[in-house]
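Worksheet: the structure to be examined is printed underneath.
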Amino acid sequence: MTKRENKELSCVDCGMLGCEAGNECYPDFCLTTELDNKDMEAVFKLYDSDEKIKRIALAASEVEAAFYCKYTRVQEILEFSKRIGVKKMGIATCFGLIEESRIFARIARLNGYEVYGVACKVGSVEKSSIGIGEEYIRKPKERMCNPILQAKLLNKHRTDINVVIGLCVGHDSLFYKYSKAICTTLITKDRVLGHNPVAALYTAKTYYKKLFEENNSNNIA
């Protein structure tokens, strides 16, 4: 049995993309054709019965269509926020991107939003406090990132939407988990590629071809 036959196939293995084209050209393993009426009814019940979810879904589609290839991500976030009635915008920022967060905060305020931001080092707690090994502490008394506290403080200030700016991998996961407000991401951190992580995929056949070498942790980008 080949590796391809031995794995569970899904959308990332499909080359037909019939669901987007609407031409009903689906592979044998298509997720769309495997859905039953109960699956679809349960999902659309959420869209129809929860006014907040419906408003978010509509606003997202409206912004995508109206400003396709016209608006930057910054503009899209501001427009989306306006369409769902955001008054107070939270920013969960990496300390290393605090200047970018300040710029975004100024732009948001000029567009009429109240802004409240919390940096990742809030609380100023040493990394060792949660049992991080000494080999992962880069300097004496290094402070830990605290995404749960970031979320809790933004929850306390009742933000309507939280914008993530450069939180580390995993720290962003914890922030999303504990944020009560809906979240969107403005900047995804990638220190090596200037916060442009998709560049590793665009160059996967050249500079980053090492990504395809299996079971070699030294080759992980």
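The values are calculated or read from the model by the stated rules, or taken from the named source; none is laboratory data. Remember, it's a predicted structure, so these values are computed and weren't measured experimentally. Every residue, glycine among them, receives a Cβ derived from its backbone with ideal geometry; neighbour counts consider all protein chains shown. Ligands, DNA and RNA are excluded from the accessible area calculation, which covers all protein heavy atoms including side chains. Shrake-Rupley method; radii C 1.70, N 1.55, O 1.52, S 1.80 Å.
Tell me, which helices (runs of 4 or more DSSP H) wholly within segment 1-120 include 2 or more residues that are within 19 Å of the chain's Cα centre (by Cα)? Give the derivation first.
Values: elements: 18-21, 31-34, 37-49, 51-66, 73-83, 98-110.
In segment 1-120, the matching helices (runs of 4 or more DSSP H) lie at 51-66, 73-83, 98-110.
The rows are residues; the columns are (1) open to solvent by less than 60 Å² (accessible area, probe 1.4 Å); (2) under 14 Å from H171 (Cβ atoms); (3) in contact with a strand residue (DSSP E or B) (Cβ under 7 Å, 6 or more places away or on another chain).
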site	(1), (2), (3)
V118	yes, yes, yes
V122	yes, yes, no
V125	yes, yes, yes
G131	no, no, no
E134	no, no, no
I137	yes, no, no
P140	no, no, no
C145	yes, yes, no
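Residue check: is L211 surrounded by 12 or more Cβ atoms within 10 Å (Cβ to Cβ), at pLDDT 95 or above and either of a type in the set (A, V, I, L, M) or part of a helix (DSSP H, G or I) (or both)? Spell out the reasoning first.
Working: surrounded by 12 or more Cβ atoms within 10 Å (Cβ to Cβ): yes; at pLDDT 95 or above: no; either of a type in the set (A, V, I, L, M) or part of a helix (DSSP H, G or I) (or both): yes.
No; evaluated as a whole, the condition is false for this residue.
Which of the residues spanning segment 137-171 are assigned to a helix (DSSP H, G or I), hydrophobic (A, V, I, L, M, F, W, C) and over 19 Å from the mean Cα position of the chain (by Cα)?
L153 - this is the single residue of segment 137-171 that is assigned to a helix (DSSP H, G or I), hydrophobic (A, V, I, L, M, F, W, C) and over 19 Å from the mean Cα position of the chain (by Cα).
Which of the residues belonging to segment 172-206 are in a helix (DSSP H, G or I) and not hydrophobic (A, V, I, L, M, F, W, C)?
The answer is D172, S173, Y176, K177, Y178, Y202.
Based on this model, can you work out whether L9 counts as of a type in the set (A, V, I, L, M), without any contact (Cβ under 8 Å) to a residue 40 or more places away in the chain and open to solvent by less than 90 Å² (accessible area, probe 1.4 Å)?
Yes; evaluated as a whole, the condition is true for this residue.
Check P197 against each of (1) open to solvent by 90 Å² or more (accessible area, probe 1.4 Å); (2) modelled with pLDDT of 95 or more and name the one condition it does not meet.
(1)
Any chance you could count how many residues in segment 5-61 are under 30 Å from Q75 (Cβ atoms) and small (G, A, S)?
Qualifying residue count, segment 5-61: 6.
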